[in-house]
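Have a look at the structure below before the remarks.
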There are 2 protein chains.
Amino acid sequence: MNGGTKAGTIYGVGLGPGQPDLMSVRADRLIRGAQDVAFFRKPGRQGHARKTVQGMLPESAVEFAMEYPVTTEIPLSDPRYNALLAQFYSDCTAHLKSLSDKGRDVVVLCEGDPFFYGSFMHLYTRLKDFAPVQVVPGITGMSGAWTATGIPVTWGDDVLCVLAGTLPEDDLARRMGDADALVVMKIGRNIDKVRRALRRAGLYDRAWLVEYACMANQSVTRLADTGDGVAPYFSIIIVHGQGRRP
Amino acid sequence: MNGGTKAGTIYGVGLGPGQPDLMSVRADRLIRGAQDVAFFRKPGRQGHARKTVQGMLPESAVEFAMEYPVTTEIPLSDPRYNALLAQFYSDCTAHLKSLSDKGRDVVVLCEGDPFFYGSFMHLYTRLKDFAPVQVVPGITGMSGAWTATGIPVTWGDDVLCVLAGTLPEDDLARRMGDADALVVMKIGRNIDKVRRALRRAGLYDRAWLVEYACMANQSVTRLADTGDGVAPYFSIIIVHGQGRRP
């Protein structure tokens, strides 16, 4: 802290699934009044989070793009991956803390819900004991996806299981077979493995692939009707529950 | 349809976890412009959904309270339960359809997210082929709950499992033991069974009880620090994942 200046608050703001009017009223208010705005993106891209708030930021807002040093070029299992990312999150944290120390409020744009598989969590755990941090929950990408299918996802006592496509195939197949309703995230290059696991679990014909849920280029297809290949990053697979319904 | 009148749209609008500024911008706009507003409640109560929009409805809005004929007085296993509820949902559907036929738009207030364990789903499936229906996703109650704990819920490849406290104890314990991160909903009178299942799964000391997340009377406690007895309807148990974090 810098003398008598009151520390600014760092807000982790959930943007929801992508359409601007699906963010919360609180998020909308914070973004339209933002002094400093920070967001993650891949180098050379505008970034989905930043794109979602296009036209909402005040002209005076100062932008801080946090560019991932690595995404899929180094495998997760390589120790360099963790080291690079840890350094990156530390650097981002230091910058956000310096803004807070100067008394500036910072809005960190978070796709979906900040506490649900979000990069902001890595900043949050590093910041929370040293600066005022507030989290604004958001509509998750999976809510956007199941809404896009036009079919309710969980009924009565249905068990919902949320899986990452990065898990081993055997693990995926076993857990899929044990769930009533299913969400699979992080599809991308794991799509063929996820297909095999769904077949083994007997769920392939009930699975839907939702790409870019609630965005302009949204696509909703039965998985069985899609071709092979790499699914975009913003794709989610949904298998709807079939529980009790009067 | 009534002659040349254009059918009105029935909107299932997610209100989110309970604070008015945590509903989406789209939900806020629809509610403030509502012609007809429908909501579920227990007989003799104002109803949480209706309470959440207090002060937002236009004076001209026509309200339609849909009062559950039965909640916990008859066990779920009793065939009369299903018959009573089926009749109730049919009656509600008929009324909403008649408003749509007259060209009126109807906003149905839904706590949380409409397609995630919501009563609106029972209207939706009966209406969707006979009237224009649109669903506005919302922040789930569980997002509100994990945000309230101040701890991120899922990291890396964590598997999230969402369970209903109404399930048998053995089933709860087994599934709890197999999850990385855990949400237990529908606690209420199942709280003691849920406690036993969490103990059997070795998760009791990591469990948080969140009551009335994001409402004025919110309470967040480690489950181990709470007393025995019935938890309120709006309570959710969270066990946070401990997955990969650089």
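The values are calculated or read from the model by the stated rules, or taken from the named source; none is laboratory data. Note that this is a predicted model, so its numbers are computed, not measured. Here the Cβ positions follow ideal geometry from the backbone for every residue, glycine too, while neighbour counts run over all protein chains shown.
Among the candidates B:Val153, B:Val159, B:Val135, which residue alone is touching a Pro at 6+ places or on another chain (Cβ under 9 Å) and at the interface with chain A (Cβ under 9 Å from one of its Cβ atoms)?
The conditions single out B:Val135.
Across region B:193-246, what is the total count of residues that are on the phi > 0 side of the Ramachandran plot and in contact with a strand residue (DSSP E or B) (Cβ under 9 Å, 6 or more places away or on another chain)?
So the answer is 2.
Which members of region B:177-195 meet the condition of being over 21 Å from the mean Cα position of the chain (by Cα) and crowded, with 18+ Cβ neighbours inside 10 Å?
As a first pass, look at region B:177-195 and keep what is over 21 Å from the mean Cα position of the chain (by Cα): B:177-180, B:192-193, B:195.
B:Ala179, B:Asp180, B:Arg195, listed by residue number.
Consider region B:2-60. How many of its residues are more than 14 Å from every other protein chain (Cβ to nearest Cβ) and at negative phi?
Residues flagged as more than 14 Å from every other protein chain (Cβ to nearest Cβ) and at negative phi within region B:2-60 amount to 27.
For the condition buried (at least 24 other Cβ atoms within 10 Å of the Cβ), out of contact with any helix residue (DSSP H, G or I) (no Cβ under 6 Å at 6 or more places or on another chain) and not aliphatic (A, V, I, L, M), what is the one hit in A:Gly144, A:Gly103?
A:Gly144
Residues checked against (1) in a loop (DSSP other than H, G, I, E, B); (2) at pLDDT below 90; (3) surrounded by 15 or more Cβ atoms within 10 Å (Cβ to Cβ):
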| position | (1), (2), (3) |
| --- | --- |
| B:Gly3 | yes, yes, no |
| B:Ile31 | no, no, yes |
| B:Ala34 | yes, no, yes |
| B:Gln46 | yes, no, no |
| B:Met66 | no, no, yes |
| B:Thr72 | yes, yes, no |
| B:Leu76 | yes, yes, no |
| B:Ser90 | no, no, no |
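When you go through B:Phe120, B:Phe115 one by one, which is the residue that is at the interface with chain A (Cβ under 9 Å from one of its Cβ atoms), of a type in the set (A, V, I, L, M, F, W, C) and in contact with a helix residue (DSSP H, G or I) (Cβ under 6 Å, 6 or more places away or on another chain)?
It is B:Phe115.
Which of the residues belonging to region B:119-139 are without any contact (Cβ under 8 Å) to a residue 40 or more places away in the chain and within 15 Å of the chain's Cα centre (by Cα)? Write out each step before concluding.
Our first condition is that a residue be without any contact (Cβ under 8 Å) to a residue 40 or more places away in the chain; within region B:119-139, this holds for B:121-122, B:125-126, B:128-130.
Correct list: B:Met121, B:His122.
Six or more apart or on different chains, Cβ under 6 Å: which pairs go from a residue in region B:25-44 that's within 16 Å of B:Gly118 (Cβ to Cβ) to one that's in a helix (DSSP H, G or I)? Could you list them?
From residues that are within 16 Å of B:Gly118 (Cβ to Cβ), the pairs are B:Phe39/B:Ala49; B:Phe39/B:Arg50.
Quickly run through region A:196-222 and pick out the residues that are without any contact (Cβ under 8 Å) to a residue 40 or more places away in the chain and crowded, with 21+ Cβ neighbours inside 10 Å.
At the first step, the residues of region A:196-222 found to be without any contact (Cβ under 8 Å) to a residue 40 or more places away in the chain are A:196-197, A:199-207, A:209, A:211, A:216-217, A:219, A:221-222.
Selection gives A:Ala197, A:Ala207, A:Leu209.
Name the residues in region A:206-228 that are among the small types (Gly, Ala, Ser), touching a helix residue (DSSP H, G or I) at 6+ places or on another chain (Cβ under 7 Å) and part of a loop (DSSP other than H, G, I, E, B), would you? Before you say what the answer is, go through the steps one by one.
Taking region A:206-228 as the starting set, the residues that turn out to be among the small types (Gly, Ala, Ser) are A:207, A:213, A:216, A:219, A:224, A:227.
Now restrict to residues that are touching a helix residue (DSSP H, G or I) at 6+ places or on another chain (Cβ under 7 Å): A:207, A:213, A:224.
Answer for region A:206-228, where residues must be among the small types (Gly, Ala, Ser), touching a helix residue (DSSP H, G or I) at 6+ places or on another chain (Cβ under 7 Å) and part of a loop (DSSP other than H, G, I, E, B): just A:Ala213.
Which of the residues that make up region B:88-112 are within 13 Å of chain A (Cβ to nearest Cβ) and under 21 Å from B:Arg45 (Cα atoms)?
Scanning region B:88-112 gives B:Phe88, B:Tyr89, B:Asp91, B:Cys92, B:Cys110, B:Gly112.
For region A:18-54, how many residues meet the condition of being closer than 14 Å to A:Cys214 by Cα and of a type in the set (S, T, N, Q)?
Residues that pass the stated criteria total 2.
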